[in-house]
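Beneath this line is the structure, given in structure tokens, with notes to follow.
The values are calculated or read from the model by the stated rules, or taken from the named source; none is laboratory data. Given the structure is predicted, the values throughout are model-derived calculations rather than measurements. A quick note on method: Cβ atoms are made from the backbone with ideal geometry, for glycine too, and the neighbour counts reach across all protein chains shown. Ligands, DNA and RNA are excluded from the accessible area calculation, which covers all protein heavy atoms including side chains. Shrake-Rupley method; radii C 1.70, N 1.55, O 1.52, S 1.80 Å.
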Amino acid sequence: MTVADVVTCSGSMIVVSNRLPFVLKRLEDGRLTRKASAGGLVTAVAPVVINGNGLWVGWPGIHLDDPNEPIPESEPGDITPTAGLKSDKVVAVRVDPNIFDSYYNGCCNGTFWPLFHSMPDRATFKSEEWKDYVTVNKQFAECTIQALKTLKKGKDTPQHEIPLIWVHDYQLMLAANWIRQTAEEEEMPCKLGFFLHIPFPPWDIFRLLPWGDEILQGMLNCDMVGFHITDYCLNFVDCCQRYLGCRVDRKNLLVEQGGRSVRVRPLPIGIPFERFVELAENAPKVFTGEHKIVLGVDRLDYTKGLVHRLLAFEMLLEKHPEHRGQVSMMQVAVPSRTDVKEYQELKENLEQLIGRINGKFTTPNWSPIRYIYGQVSQDELAGFYRDAFVGLVTPLRDGMNLVAKEFVACQINSPPGVLIVSPFAGAGETMHEALVCNPYEIAGAAEVIHRALTMPEDERILRMNYLRRREKVNDVNFWTKSFLSAMGSLFTPEDHDDVG
Ligand code: GDG
């Protein structure tokens, strides 16, 4: 990374997310230890927090009985991006274990997750869970204020030193309410930005939410609200107008609220592109090369369209028997929300379906579906991405989908393979050279997979070159920079020279 690539926030940045960028584990001897998270978001955002002397507010992944138990430092030899995040730069939100399940599995994942993915029949609406959601959001806000106080910025703070608070995702849509209120009352200047990682649904779906007005007001307490794509921005603006009666400017994506003008911005997230290229360059060969591999990698979640995808692959083998014995589908399904019944049922359905399809087509030398239920290492994943012939990314609905982007980054073999994306993922909006596949139309999806498997080499090269070029430029650092720039907090040496 060159100096020009280093992203810096002009003031300090406080990140507020449901999870801290590491989880705490209790060792057998009773000691607490950190286990770092390796996601792209953490890799991109942690250095901005660390370099700018900022803070991270979040839940540490376990319940701590003793409210004064200190957060441990990183282990010696830890080279992950969060290693430099000292414990005094972390505010661990100690959510009451009695309400955590109701807040997290109940309201966040039982109400908002399905509804925002436009699956209202799966959503439940329970006022007790909503009450706990409000309580937890308030607690996150209090911890954020505590973090803001440690920065000791008064009302005379110069513009470029005003701290930036960046709140993440659907678990914390109300937190800005109390952060703004207290910061104003106590004259602590700050800028507030929010980013939603999942889709924002259209008005006709959003209106099903009994607490929609409160959610919109919560988000509007920020100075800027970011989404992956313009469609989600327009849905949000539309809901603000129709639910709250706000004046809006659709062209410039502005919403007026309480005498303030809130900016709404599409900020499509990227991946650490170069890191994936490097991983792909070093990953050992994972497939024998006898069969072409059609690859799916997903958390095991009903939004990811796994059942539809398997049915499409079955249809491919029915309609195009020439692929039998030649092509295998490899599906990695990462366990997710395993204590929720709906997710357990999905796992069972999926495994039955795989059994049925494999039973129907398997020969002594070939099986149509290889299935991994579990997490593979990132090196191995990069090898899968590199050596697969088709990347099959067909969610029913998805905020962005990083797998599509990681797949193209790792496609370094010559000639490359083909990416298929669903138009219902944010990635489908931006990755124009991928083949588009409607997961709901099984027969059509089977034809798209056939087209990918038979695509001429020169077309594959052309499409993949464009896809890779875009993701390389619009990587996760670019995303962080765009956010800071939209908030007026991107450090540019010239501005600071002016200030003296
Ligand atoms: C939310 C939004 C949005 C998967 N399997 C393994 C593994 N993974 C990693 C992938 C990728 C990540 O998990 C999944 O990211 P997605 O974007 O696909 O999906 P969500 O988890 O639903 O994320 C989504 C995202 O937030 C960011 O804004 O794109 O729309 O729903 O990075 O690499 N990693 C390893 N082993 C696995 O088996 N190591």
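Tabulated values for the structure
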quantity: Fully extended contour minus Cα-Cα distance, from Glu187 to Met119, at 0.36 nm per residue; calculated: 20.3 nm
quantity: Reach of Lys131 by Cα under 26 Å, taken over lysines that are not fewer than 8 positions away in the same chain; calculated: Lys341
quantity: Net charge, Tyr302 excluded, C-beta distance under 13 Å - Lys, Arg +1, Asp, Glu -1; calculated: +1
quantity: Mean separation of Cα contacts under 8 Å, 6 or more apart, over the residue count of the chain: relative contact order %; calculated: 14 percent
quantity: Spacing of the two label points (7 Å from each Cα toward its C-beta) at Gln352 and Val436, in nm; calculated: 3.5 nm
quantity: Rounded, prolate or oblate (a/c below 1.5 giving rounded, otherwise prolate when a/b exceeds b/c) for the range 41-167 by Cα gyration tensor; calculated: prolate
quantity: FRET efficiency for Glu457 and Asn365, using Cβ-Cβ distance with R0 set to 30 Å, rounded to 0.05; calculated: 0.65
quantity: Between the range 191-264 and the range 318-392, the Cα center-to-center distance that results, in Å; calculated: 38 Å
quantity: Solvent-accessible surface ranking, highest first, for Asp223, Asp458, Asp96 at 1.4 angstrom; calculated: Asp458, Asp96, Asp223
quantity: Heavy-atom SASA rank of His432, His63 (probe 1.4 Å, accessible area, largest first); calculated: His432, His63
quantity: Cα shape, the range 171-286, gyration tensor, a/c 1.5 rule; calculated: prolate
quantity: The chain - mean residue ellipticity at 222 nm from DSSP helices (-39,500 (n - 2.57) per run, n ≥ 4, rounded to 500); calculated: -12000 deg cm²/dmol
quantity: Cα gyration tensor shape of the range 289-393, rounded if a/c is under 1.5, else prolate or oblate by comparing a/b with b/c; calculated: oblate
quantity: Under 5 Å, built H, 5+ apart or other chain: amide partners of Gln331; calculated: Gly296, Arg370, Tyr371, Ile372
quantity: Virtual paramagnetic centre 7 Å along Cα→Cβ of Thr230, amide N under 12 Å, in the range 426-465; calculated: 430
quantity: Area accessible to solvent at Trp203, 1.4 Å probe radius, in Å²; calculated: 40 Å²
quantity: Average accessible surface area per residue within the range 138-290, 1.4 Å rolling probe, Å²; calculated: 43 Å²
quantity: Apportionment of accessible area to carbon and sulfur, the chain, percent (1.4 Å); calculated: 49 percent
quantity: Accessible area of the range 349-500 divided out per residue, in Å², using a probe of 1.4 angstrom; calculated: 43 Å²
quantity: Total charge dipole magnitude, the range 378-437, about the Cα centre, Cβ charges on Lys, Arg, Asp, Glu only, Debye to nearest 20; calculated: 120 debye
quantity: Given charges at Cβ of Lys, Arg, Asp, Glu: the chain dipole, positive-most of Tyr243, Met13, Pro70; calculated: Tyr243
quantity: Tyr373-Lys35 FRET efficiency (beta carbon distance; Förster radius 22 Å; 0.05 resolution); calculated: 0.55
quantity: Student exercise, the range 1-123 dipole from Lys, Arg, Asp, Glu Cβ charges, in Debye to nearest 20; calculated: 240 debye
quantity: Cα coordinate range in the chain, projected on the principal axes (Å, largest first); calculated: 73, 57, 49
quantity: Point-charge dipole on Cβ atoms (K/R +1, D/E -1) for the chain, about Cα centre, debye to 20; calculated: 640 debye
quantity: At R0 = 60 Å, FRET efficiency that the Cβ-Cβ distance of Ser414 and Gln241 yields, to 0.05; calculated: 0.75
quantity: Contour minus Cα-Cα distance for Lys149 and Val473 (0.36 nm per residue); calculated: 113.0 nm
quantity: Relative contact order of the range 365-459, pairs being alpha-carbon contacts under 8 Å that are 6 or more residues apart, as %; calculated: 25 percent
